[in-house]
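Take a look at the structure set out below.
The values are calculated or read from the model by the stated rules, or taken from the named source; none is laboratory data. In this text, all values refer to a predicted model and were calculated from it rather than measured experimentally. For neighbour counting, all protein chains shown are included, and Cβ atoms are generated from backbone atoms with ideal geometry for every residue, glycine included. Each accessible area value is taken on the protein alone, full model and side chains, heavy atoms only, with ligands, DNA and RNA left out. Shrake-Rupley method; radii C 1.70, N 1.55, O 1.52, S 1.80 Å.
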Amino acid sequence: MKSLEINGKVRDVTGKKDSKKLRSEAMVPCVLYGGEENIHFFTPFSEFRSLIYTPDVFVVNLNIEGKMHQSILQDMQWHPVEEQLVHADFLMINETKPVKVELPVTIVGTAKGIKLGGKLKVNIRKIKVKGLVKDLPDSIVVDVTDLDLSQSIKVGDLSIPGVQFLAIKSDVIVTVTITRAAKAAATGKEAKK
């Protein structure tokens, strides 16, 4: 997995009043879970830009006043109207405990069905998985080269060693649909015969 570093400072005072003051200074209150104790800290919103405005999943190296902690971004809370990150939760990585994350789906290849006039329809762009951080790929690669008209690839068709898919096995990730033009061409050929 890709990694990214975020610098933060420990919060001495926690609570609604202190959090509101931090947000007015363009800071984001955060919590790091999973260690012996939860660590409350804050960091500037600018540190989050490369983490949240991308479909990629990162291992976040938190530098909290000189102490390094490996983690993943577990949850974010946004202001309902403004584009303001209100709060972020991080989960400390333990090499022996599996984590649950949503990995992006990357489609590769050109389907046979597209060459016959079909249209590729992507239904799922992220899939929730569970596994050790060392086993998790940057993205789930789905090869559509062998897909013909009206065929699809489901979550149950995928397999990555050491990774368990938490999505429903029958969920369709990608399918090649028949367009009206392809139907008309097929019926036109049949009528000529």
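Quick notes on this structure:
- Gyration tensor (alpha-carbon) shape descriptor, region 37-105, a/c threshold 1.5: oblate
- Heavy-atom accessible area ranking, 1.4 Å probe, most first, across T175, T187, T145: T187, T145, T175
- Debye intensity ratio I(q)/I(0), log10, region 1-78, q values 0.11, 0.14, 0.15, 0.18 Å⁻¹ (C-alpha model): -0.27, -0.44, -0.51, -0.74
- Largest-first ordering by accessible area, 1.4 Å probe, given options I6, I52, I178: I178, I52, I6
- Compactness of region 55-139, expressed as Rg and Dmax over alpha-carbon positions, Å: 17.8, 59
- Volume of the Cα convex hull of region 94-193, divided per residue and given in Å³: 90 Å³
- Qualifying lysines (Cα of each under 28 Å from Cα of K97; at least 8 residues distant if same chain): K2, K9, K67, K126, K128, K130, K134, K154, K169
- Candidates T179, Y33, V86 compared by Cα position along the dipole of the chain: farthest toward the positive end lies T179, with charges placed on Cβ.
- Take region 12-86 with all the other protein chains still there, run a 1.4 Å probe, and you get 62 Å² of accessible area per residue.
- Rounded to the nearest 10 Å², the accessible area of V163 at probe 1.4 Å: 20 Å²
- Stokes-Einstein, applied to the Kirkwood radius of the chain over Cα pairs at a viscosity of 0.890 mPa s and 25 °C, places its translational diffusion at 125 µm² s⁻¹.
- Positive-end ranking of S46, G118, G162 along the dipole of the chain, with charges on Cβ about the Cα centre, is headed by G118.
- Other residues with beta-carbon under 10 Å from the beta-carbon of E102 carry, at +1 per Lys or Arg and -1 per Asp or Glu, a net charge of +4.
- 3J(HN,Hα) from dihedral phi, region 52-64, Karplus parametrisation 6.51/-1.76/1.60, rounded to Hz, x for glycine, proline: 9, 9, 8, x, 6, 10, 10, 8, 9, 8, 7, 9, 9
- Here H40 sits with roughly 70 square angstrom of accessible surface, probe radius 1.4 Å.
- Cut-off under 5 Å, modelled amide H: who pairs with L132 long-range: V99
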